[in-house]
Amino acid sequence: MKALVIAVLAIGLAAGAADAAGEKEASKAHTLDPIIVTASRAEEDTLAYPGSATALQSSKSVDVIDRRQIELSGAQTVPELLRGQPGLDVRDYLGNGKRVQVDLRGFGETAVSNTLVLIDGRRTNLIDMSGVDWAQINIDAVERIEILRGPQTVLYGDNAVGGVINIITKRGKGVKPEIGLKYETGSYRYNSYGVNAAGGTELMDYFFNFTTSKTDGFRWNNDLENIDLNATLTMRPASYLDLKTDAGLHRDWYGMPGAVTDVQIDRDGIRAVDDPNNRSKTEDMYLMPGFNLHYATDWGSCSFAADFPLRDRRTAGLNNFGYWNEIDNHITTFGVTPRAIVEFPVFEMKNRLTAGVDCYRYTDKISSSNWINALITGDGWRKDRIVITEETTGFYVTDTLSITPRLTANGGARAEWANYKFDQQAIAQSVNNKRLFAYAFDGGINYKYNDTSAVYGNVARGFRLPAVDEWYQTFMVTPWGNVNGGLNTDLDTQESMNYEVGVRDHTLKWLKVNADYYFLDTRHELTYDPINFVNAVYDRTMRHGLELEMHVLPAKDLDIYANYTYEKAFFVGSHFAGNTVPLAPRHKLTWGIIYTFMDCVDLHYIFRFVGPRYFISDPLNQFRQMKQYITNDIKLAYRKHGLEIYGALNNIFGFEYSEIGSWGQYYPANGRNFVIGAKYKF
C-alpha cells in the first residue's frame with residue numbers, strides 16, 4: 001500500500017495538479033454549455049449534464065449542481081437540495097433547517113467537523129462542534145454548489161476529511177440590472193419575504209439579497225425566525241485586476257424542542273417536546289474583502305489572489321437538562337489567505353502550479369452557568385468562563401500536468417501548525433498552551449477514454465484538528481455521581497488515508513453514469529466517549545463505500561435519475577472494535593423523475609430511502625437501531641416572462657420518522673407539509 005502511495009504521489013508531484021487539458025472541443029452530439037468549478041481553488045472547464053455537472057479532468061469525485069438544477073429540484077433550502085446527492089446523508093434536528101448535519105462518507109455524529117462547507121471559498125465551519133449554520137445560507141443567493149468527496153485537506157486544511165461542499169453565490173456578472181421579489185407560505189404558519197437586486201457592467205458586478213422568514217415549526221417549541229442580508233460587489237479598475245467584497249448579516253431566534261422518548265411520543269403525539277422553554281438566538285456577521293491580480297505572458301499565465309475573511313458570531317441558549325444551563329459563545333475569526341496560480345508548459349505539456357498560505361486566528365469566549373457550578377464553587381450561579389484562542393498557519397502546493405490530451409496527473413502537499421491558548425477564568429483558574437503539527441498529501445491520475453467519459457484514481461492523506469469544545473467541556477455530573485468536565489489536553493490530531501477509484505461515463509447520449517469506490521482508514525478519530533463521558537480519540541476506524549449515480553435521458557425534457565450509496569463505517573481498535581459507527585446508515589437510495597413540458601412547467605417527483613442506523617453516542621451498539629424511513633415528495637413550478645409560481649408537497653404519505661436520535665431518544669421529522677410561493681424579476 002505504501003508503494004502505491006509513493007508511486008501515485010511521485011507522478012503527481014513531479015508532474016502536476018490543476019487545469020487538465022483534454023480535447024478543445026467535445027463531439028457535437030454531446031456538446032453542452034461549459035461551467036466553472038473550483039475543485040483546485042482555481043477555475044476549471046467542465047461539461048454540464050442534466051442532473052449535475054462533473055469535472056472530467058479531476059482525479060476526485062466532483063459534482064456540480066448549477067442554477068438550472070437548483071430550480072428543477074424545487075428545494076427551498078440548501079440542505080433539502082443536498083439530500084438527493086450520492087454519498088451525502090442530511091439530518092435535521094429541528095426540521096426547520098436551523099440545525100442540520102450534512103455527512104459526507106459516514107462520519108455520523110462528528111460529520112459537522114469532518115465535512116467542510118465553504119461559501120465563495122470562505123470557511124463557514126466554526127472552531128467548536130456546533131457545525132455550519134445552514135439557516136443563514138439562502139438558496140435564492142446560490143448560483144451553484146460544488147461537492148468534492150473524499151479528503152480535500154491539501155487545498156483546504158482542517159475539517160475536510162470527508163469532503164468539501166463549496167457554495168458559490170450570485171455575483172451579477174453579465175446581468176442587466178434587475179430586481180427580484182419573493183413570497184412563500186406553507187405549513188406550520190410558514191411565511192417568507194425576500195427582495196434581491198443584481199447587475200453587471202464591464203467595470204462592476206453586484207448582487208444584494210434580503211430575506212426574512214418565520215415558522216411555528218412542526219413540533220411544539222419549534223418556531224424559527226430568520227433575518228438575512230448578504231451582498232457581493234466586484235470591481236474591475238483594470239483588465240488585470242479584480243477587487244471584491246462579500247458581506248452578510250444574520251439573526252435568528254428559535255425554540256429547541258429537544259429529543260423525546262417512545263413513551264413521550266405515545267403520550268403526546270409525534271409533535272412532543274422535551275421542554276417548552278428551551279430557547280436560543282444567533283447573531284452572525286461576516287466581511288471578506290479580496291483581490292485577484294492576473295496577467296498573461298508569452299510562456300503562460302499567472303495570477304495572485306488573496307482574501308481577508310472576518311467573522312463575528314454570538315450565540316446564547318437556555319436549556320433544561322434536569323437543571324437549567326445557560327450557555328453563551330462569542331467566536332471571532334480573522335484570516336489571510338494569499339495564493340498564486342501559474343500556468344506554464346512542461347516539455348510542451350500543459351501544467352498548472354498552485355501554492356498558497358492560509359493563516360487564521362480564532363477566539364472563542366465560552367460562558368456557561370448551571371447548578372453544578374454552584375455545587376463546586378458555593379457561589380450561586382457563578383459562570384464557568386474560558387477563552388480559547390487558536391492560531392493556525394498552513395502552507396500548501398499542488399500541481400496538475402496534462403501528460404497527453406487524455407491523461408492528467410496531479411498531486412500536492414500541505415503542512416499546518418496550530419497553537420492553542422486556554423485561559424480559564426472561573427471554576428479552575430489557569431492558563432495552558434498546546435501545539436499541534438499536521439500534514440497532508442494527495443496524488444491521482446485521470447484518463448479520458450472518450451470526449452465525455454473518464455476513469456480516475458487517487459490517494460489522499462487528511463487530518464482534523466480538535467474543536468474547542470472537544471478540548472474543553474462544561475462541568476457536568478455523570479450517572480455515576482462524579483463531577484466531570486474542564487480542560488482535556490490529551491487530545492491529538494485525527495489522521496486519515498483515503499484510496500479511491502471511479503468512473504464518469506456519458507458515452508451514450510441518453511445515459512449518464514457516475515460510480516466510485518473508496519476506502520478510508522482513520523486513526524486517532526476525535527469523538528465522544530459515552531462510557532467515560534469525555535471527548536477522546538479512538539484508536540482506529542474504517543469506512544468503505546460505493547457511490548452510484550445514473551441519469552436516463554430518453555427525451556430532451558425528461559430526466560429519470562437514481563443514486564445509491566453503500567457505506568460501512570466501523571471501529572477497529574479500542575473497546576468498540578467491530579461495532580458500527582453511530583448514525584451512519586449502511587444503505588441510502590434516491591430516485592426521481594424531472595419532466596419539463598410546454599417549456600415553462602417543471603414537474604419533479606422524489607423518492608428517498610435511508611436505512612437503519614444507531615443512535616448518537618452508542619458506539620457499543622447497545623440500543624436498538626433507528627428504523628429505516630421512506631419519503632415521497634412532489635414539486636411543480638411554472639416559469640415564464642420573469643414570473644415563477646411554484647409549490648411542493650413533501651412527505652406525501654405522512655410517514656412518521658426521525659432523521660437523528662440520541663441515547664434512545666428521537667428528534668421527530670416533519671410530517672406531511674406543503675410550500676407554495678411566487679417570484680418575479682423585472
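Only the coordinates and a few stated rules stand behind these numbers; no lab work does. Every value quoted in this text rests on a predicted model; they were computed, and no experiment measured them. Neighbour counts run over all protein chains shown; Cβ positions are idealised from the backbone, glycine included.
Couple of notes before you dig in:
- Most to least packed among 126-132, 512-518 [average Cβ atoms within 10 Å]: 126-132, 512-518
- Ascending count of other beta-carbon atoms within 10 Å, so fewest first, for Asp262, Asp469, Asp539: Asp262, Asp539, Asp469
- Which of Val117, Val357 has the fewest Cβ neighbours within 10 Å, and the rest in rising order: Val357, Val117
- Lys/Arg +1, Asp/Glu -1 at C-beta; segment 247-371 dipole; positive extreme among Trp253, Ala296, Val336: Ala296
- Alpha carbon convex hull of segment 142-263, projected area averaged over orientations, nm²: 11.5 nm²
- Scoring 189-195, 146-152, 93-99, 327-333 by mean Cβ neighbours within 10 Å over their residues and listing the highest first yields 146-152, 93-99, 327-333, 189-195.
- Whole-number D in µm² s⁻¹ for segment 71-195, Kirkwood Cα-pair radius fed into Stokes-Einstein, 10 °C, 1.306 mPa s: 102 µm²/s
- Cα-centred dipole magnitude for the chain, charges only on beta-carbon of K, R (+1) and D, E (-1), debye, nearest 20: 520 debye
- Counting every other Cβ atom within 10 Å of each residue's Cβ, Asp66, Asp92 order from fewest to most as Asp66, Asp92.
- Tail beyond 15 Å, pair distance distribution of segment 509-589 (Cα, percent): 65 percent
- Ellipsoid semi-axes in whole angstrom, largest first, where each is sqrt(5λ) of the Cα gyration tensor of segment 279-361: 46, 13, 8
- Each principal axis of the Cα cloud of segment 180-238 was evaluated for its coordinate range; sorted largest first, these ranges are 56, 18, 10 Å.
- Debye log10 I(q)/I(0) for segment 388-468, one point scatterer per Cα, at q = 0.13, 0.15, 0.16, 0.18 Å⁻¹: -0.60, -0.68, -0.73, -0.82
- Listed pairs Lys350/Lys568; Lys98/Lys681; Lys244/Lys509; Lys182/Lys244; Lys98/Lys170; Lys214/Lys681 exceeding 31 Å between Cα atoms: Lys350/Lys568; Lys244/Lys509
- For segment 552-682, projected area of the alpha-carbon convex hull averaged over all directions, nm²: 10.7 nm²
- With eigenvalues of the C-alpha gyration tensor scaled by 5 and rooted, the chain, Å: 37, 31, 26
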